[in-house]
Amino acid sequence: MNDPTSIRPPRPFRLRAVLPDLCLLAAMPLLVYSVHRVFIDTPNEQTMGTAFKIFFFHVPMGWLCMLMALVAGVAAGVQLRRRSRLAGCVALAAAEVGFVTGLGVLLTGPIWGRATWGTPWTGDARQVTTALLWLVIVAYLLLRHYGPRTSDRLAAALAIFGAVNVPIIYYAVKLWKTLHPSTGVVGSLPPEMWATFWPGLGALILCSLGLFGLRVRQLVIAEELDAAWVQLDERSQST
Amino acid sequence: MRLLRQAALLLRSELRQELRDFELVLTAGFFTVVLLAMFYLSFASLQQRAHLGAIPGLMWLTIAFVGVLTLTRVFDREREADTLRALLAAPVDRLAIYVAKAAMTLAVLMICCAVLVPGLWLIFPAGAAFAAAPGSTALLALLGCAGYVAIGTLFAAGLATGAGKNTLLFVILYPLTTPVLMYALVTTRALLDGDPALPSYLGQMAALDVILFAAACLLFETVLVGAAGPRRSSSSARRARPSGQVPRDMSREPAP
Amino acid sequence: MSEPAAALHGVAQRFGRKVVLRDVDLELAPGTIVGLIGANGAGKTTLFAILAGLLQPDAGERRLFGRAADEVDADARARLAYVAHQTQLYGGLSARENLALFADLRRAAGLTTRPADEVLLQLGLPAEALARPVSTFSRGMAQRVALARALAASPELLLLDEPFTALDAGGRAQLASVLEGERRRGAAVLLSSHDLDALVELCDRIVLLERGVLDRSAAHDGDRAAFRRRAAALWQGRPQDPPRDPLHPLLHPQDPAAPGPAA
């Protein structure tokens with residue numbers, strides 16, 4: 001019988017166990033390189049000037065926020081359907097990373113807007129629905145942390161509805177008049193700015209995936225601790 | 001057919017209880033009047049041009065506030081006596097519970113709209129467009145409230161079954177329902193402006209309502225009771241168990 | 001031998017670190033009354049919720065009326081009735097209206113139901129009270145209405161969570177008589193109570209649920225006095241010491257057997 005006080009043999013090496021750490025390690029130099037390219041190597045945009053450089057951080061964070069909201073929604077669906085604790089961990093981790101990236105979008109957007117349109121908040125459709133998506137993520141996190149015992153299922157439903165909000169953001173550009181640049185903003189970049197955009201996007205993706213992976217790992221370990229506690233409790237009650 | 005019959009029976013029971021004391025309608029209606037008074041005090045002195053821009057927001061903000069109050073009270077009845085669990089344990093189609101509660105909440109909100117819309121027209125003369133297009137106004141109110149109710153009923157029910165805290169309903173509902181209310185807001189603006197695209201907006205609202213109702217119906221039973229089958233733990237949690245003590249998940253073993 | 005009306009095999013339920021049920025095995029045969037005893041917080045209400053289909057177990061198998069019940073569908077719910085600790089009645093409706101609502105819901109599902117008045121009077125509710133709102137009832141009267149709602153369905157499986165609570169001596173005797181009738185009708189009854197004497201008088205078997213574990217029972221073998229002694233021993237023999245801290249053996253390896261502080 002396994003003695004919980006004995007030292008366990010080391011587990012075999014698995015790449016996926018260190019993947020989050022590798023992502024963060026790779027993100028660090030890429031982020032430094034990206035910042036260098038944005039502020040040193042890339043000229044100012046003709047009409048928007050220096051403020052345009054926020055674009056290289058704002059757009060990737062916007063994409064990542066929506067991606068994480070979708071991941072949280074899908075994981076929440078799996079959590080509901082298959083009653084999977086792992087899916088619940090994935091949903092929570094994705095929501096937390098979505099919270100951080102969404103906060104980044106909401107902070108950088110007004111800075112860009114003020115410099116470009118003279119006002120930090122225009123109230124146009126895409127701005128508002130991105131803010132709403134972020135609020136849904138916050139509501140999900142509050143429900144997961146402060147909800148009653150059975151609120152995991154309710155939080156999962158909230159995440160699913162929140163994910164449904166994501167396509168509305170895209171359709172908002174087509175349905176309503178908006179001061180946002182059209183969806184073709186990335187496609188209309190001059191070639192030298194492409195070379196600046198991709199490293200920044202890559203760095204932020206690696207950073208987000210690394211944080212996401214670390215957080216999933218933490219939550220899974222917490223679940224394992226609960227399971228181990230339960231086993232120890234069973235044993236101590238039976239002796 | 002069983003679903004519709006049982007939903008009708010539950011709705012009849014709701015209406016019977018409401019008709020005894022009119023608690024829901026009176027509190028929601030009074031709250032609507034109070035909000036109208038506050039809007040009058042806050043915005044009546046603005047120029048008429050500003051009224052046109054304010055009316056849609058005021059209308060749907062009122063529905064948002066009154067909606068949470070109504071949903072809270074509709075499910076407080078269930079929470080206080082734990083009757084929702086009695087319905088869940090009975091041979092009642094669980095969707096019938098959702099349909100009945102949604103219909104009751106929608107009815108109360110429509111009664112509030114019957115006070116709200118004329119009230120806005122009285123306070124702000126720019127609201128005359130409501131009277132000029134009563135059919136479109138009624139349809140707009142119905143579709144906007146229906147979308148709100150589709151989402152709100154699901155989450156209010158979810159919080160009513162456990163030891164749910166009412167305050168969490170506010171936290172959940174406002175961000176989730178705002179996209180629906182924004183669609184309603186844009187459509188209201190189109191109605192007030194006489195925008196020829198109004199039928200298109202109303203059609204999109206109807207489509208959104210159908211999607212929201214369908215999603216809520218799919219999720220209702222799972223949220224309240226949970227999905228079938230044993231819970232799956234993570235593979236590493238399974239490895240954490242000592243060997244020879246595999247949990248007796250007998251649903252996976254062949255029947256004796 | 002007929003299939004049990006309800007059977008749980010290896011059922012477990014936990015919320016985080018709080019284990020509510022551990023590896024519970026239980027069978028409820030038709031025409032028997034099983035008493036469930038346990039301290040507050042032992043997991044009785046969770047057990048009832050799993051049997052009634054209000055909660056999905058984390059592990060194990062649930063069988064109802066001879067079939068595996070991964071989820072308790074409407075057909076299974078039509079054959080069982082659950083009376084919870086709370087009365088679960090609409091306070092704004094009268095006793096008759098409460099029963100009529102659930103009877104109508106059953107009829108809408110193509111099911112039969114006994115007349116409400118007949119069942120209410122059988123449980124000793126005065127006729128003049130039937131038209132009053134339930135909110136004006138005492139707890140004991142409301143309890144009778146809740147029991148009547150369950151009995152009107154003529155269930156094959158009757159789940160009663162502390163049904164004797166708030167009933168006076170007359171009410172208890174009436175309920176006991178009704179449950180005897182249910183046993184003769186072939187229903188399987190599971191009822192929980194803190195009143196060991198009432199259970200001894202009524203039950204064929206008494207099981208003890210303690211700290212989520214259901215592994216001790218006493219059966220009625222025809223000698224009521226002996227059954228009473230065994231039931232008393234069952235209750236008195238339950239663990240009295242506080243739950244051990246499961247981390248104690250790890251933190252104090254020099255003295256792993258010593259009971260630690262309560263977890």
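Below, the figures for the structure above:
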| item | result |
| --- | --- |
| Sequence-distant residues sharing a close amide H with C:V20 (under 5 Å, placed H) | C:Q13, C:R14, C:F15 |
| Estimated 222 nm signal from helices in chain C, with DSSP H stretches of n ≥ 4 weighted -39500 (n - 2.57), rounded to 500 | -10000 deg cm²/dmol |
| Sequence-distant residues sharing a close amide H with C:L36 (under 5 Å, placed H) | C:L191, C:S192, C:S193, C:V207 |
| Derived scalar couplings ³J(HN,Hα) [segment C:214-230; Karplus, 6.51 cos²θ - 1.76 cosθ + 1.60; whole Hz; x for Gly, Pro] | 10, 9, 10, 8, 10, 10, 8, 9, x, 9, 5, 5, 5, 4, 4, 5, 5 |
| Centre separation in Å (Cα based) which lies between segment B:140-159 and segment C:177-196 | 43 Å |
| Leading residue at positive end of dipole, chain C (Cβ point charges), from C:G41, C:L21, C:L234 | C:G41 |
| Whole-Hz ³J(HN,Hα) from phi, Karplus 6.51 cos²θ - 1.76 cosθ + 1.60, for segment C:133-139, glycine and proline x | x, 4, 4, 8, 7, 6, 4 |
| Dipole of segment C:6-251, positive end: most advanced residue of C:S193, C:L157, C:A109 [Cβ charges, Cα centre] | C:S193 |
| Förster radius 41 Å - calculated FRET efficiency between C:Q236 and A:Y146 (Cβ-Cβ, nearest 0.05) | 0.50 |
| Under 14 Å, Cβ to Cβ, from A:M193 - net charge with Lys/Arg +1 and Asp/Glu -1 | -1 |
| Qualifying chymotrypsin sites (Phe, Trp or Tyr not before Pro) in segment A:41-144, DSSP loop, other Cβ atoms within 10 Å at most 16 | A:W121 |
| Assigned charges on the beta-carbon of Lys, Arg, Asp, Glu; segment C:76-139 dipole about Cα centre (debye) | 260 debye |
| Fewest-first sequence of A:L209, B:L46 by Cβ atoms within 10 Å of each Cβ | B:L46, A:L209 |
| Span from the segment B:2-53 Cα centroid across to the segment A:62-139 one, whole angstrom | 32 Å |
| Lys/Arg +1, Asp/Glu -1 at C-beta; chain C dipole; positive extreme among C:S217, C:A173, C:A81 | C:A173 |
| Residue order, fewest to most surrounding Cβ atoms within 10 angstrom, among A:H145, C:H9 | A:H145, C:H9 |
| Cα-based Lys proximity count in the protein assembly as shown, under 27 Å, for pairs eight or more positions apart or on separate chains | 6 |
| Rounded to whole Hz, the Karplus (6.51, -1.76, 1.60) HN-Hα couplings of segment B:198-203, x for glycine and proline | 3, x, 5, 4, 5, x |
| Neighbour-count ranking [beta-carbon atoms within 10 angstrom, fewest first] of C:K18, A:K53 | C:K18, A:K53 |
| Sequence-separation-based contact order of segment C:149-255, relative, with Cα cut under 8 Å and 6+ spacing, percent | 19 percent |
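We did not get these values from a lab; they are worked out from the coordinates using the rules stated. Bear in mind that the values here come from a model prediction, so they are computed numbers and not experimental data. For neighbour counting, all protein chains shown are included, and Cβ atoms are generated from backbone atoms with ideal geometry for every residue, glycine included.
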